[in-house]
Amino acid sequence: MHWGLTIMQWCNYKIEEVILAAGAIGSPQLLLLSGIGPRPYLSSWGIPLTLHLPYVGQFLYHNPRNGINLLPSMPLEHSAYSGGWHH
């Protein structure tokens, strides 16, 4: 709200920007659920397109909090050395 506006001016004030801050995972999810993102992906989920932005939800592997769990096909033996990392 800009100081000095009357109530009538404030009620008619046009908001031109929205700041979305839901984190590296939450922000893309909210955008996609709102129909903002890659057209093919949204249509595959039946989400009506609001704005085609092809890179929303892409490149999440840049986030250092994302991890990959690998399950080996065979049990692995535990290392006999358990002294931790040494430089």
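A few notes on this one:
- Selection from region 36-61 of residues that are assigned to a loop (DSSP other than H, G, I, E, B) and under 13 Å from the mean Cα position of the chain (by Cα): Tyr55, Val56, Gly57, Gln58, Phe59
- Among the residues making up region 19-35, those that are under 12 Å from Leu51 (Cβ atoms) and either assigned to a loop (DSSP other than H, G, I, E, B) or among the polar types (S, T, N, Q) (or both) are Ser34, Gly35.
Computed from the coordinates by the stated procedures, all read-outs in this text should not be read as laboratory data. On a predicted model such as this, the values are computed, not experimentally measured, just so you know. Methodologically, a virtual Cβ is constructed for each residue, glycine included, from the backbone with ideal geometry; neighbour enumeration extends over all protein chains shown.
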